[in-house]
Amino acid sequence: MKLHNIPTRLATGAFILNSGLNKWNLDEESAAGLQGMAAGTYPFLKDLEPATFGKALSVGEIATGALLLAPFVPARVAGLALTAFSGGLVGMYLKTPGMREEGSLAPTQDGTALAKDVWMLGIGASLLMQGSGKGSKSSK
């Protein structure tokens with residue numbers, strides 16, 4: 001792990017890991033609420049049981065957070081995981097009615113919680129764009 005990646009990987013990884021751990025024991029109503037919102041954008045998710053969706057979401061967040069925190073995981077691997085995870089969240093923001101001001105990318109009050117996930121997408125993309133570290137000028 002490069003020294004300049006530590007702050008973003010630590011902050012983002014800890015945030016996502018904590019979120020995943022907090023979702024591990026979701027009650028049925030909370031899991032169903034999260035699933036309903038996600039299924040509005042990604043319809044294939046409606047076929048899952050809410051408890052299964054909640055566990056899968058928890059595991060995905062825990063895995064993503066752990067990849068970001070593990071110093072032996074290359075930046076590109078951590079970046080790929082973070083970009084995939086946050087891309088799904090930004091997709092929900094863009095496709096869920098009522099999250100954005102009409103005709104704009106600006107969030108409504110309800111959309112702010114999802115709109116803020118764009119910072120994770122930026123961090124993931126930055127990690128993905130780093131060189132392999134084997135003589136690449138972009139890795140310095």
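Each value in this text was obtained by applying a stated rule to the coordinates, not by laboratory testing. Worth saying up front: this structure is predicted, and the values here are computed from it rather than measured. With ideal geometry, Cβ positions are generated from the backbone for all residues, glycine too; neighbour counts draw on all protein chains shown.
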Under 8 Å for C-alpha pairs, at least 6 residues apart: give me the relative contact order for region 73-136, rounded to a whole percent.
48
Please compute the contact order of the chain in relative form: average sequence separation of alpha-carbon pairs under 8 Å and at least six residues apart, divided by the residue count, as a percent.
24
Among ALA11, GLY36, PRO107, the residue whose Cα sits farthest towards the positive end of the charge dipole of the chain (+1 at Cβ of Lys and Arg, -1 at Cβ of Asp and Glu, taken about the Cα centre) is ALA11
Amide H neighbours of ARG100 at under 5 Å, excluding residues fewer than 5 places away on the same chain, with H built from the backbone geometry, are THR108
Just to confirm the number: angle between the C-alpha axis of helix 75-95 and the first principal axis of the chain, 0 to 90 degrees, nearest 10?
30
Kindly put LEU67, LEU127, LEU82 in sequence by how many other C-beta atoms sit within 10 Å of each C-beta, fewest to most.
LEU67, LEU127, LEU82
Within 10 Å of each residue's Cβ, count the other Cβ atoms and sort TYR42, TYR93 from fewest upward.
TYR42, TYR93
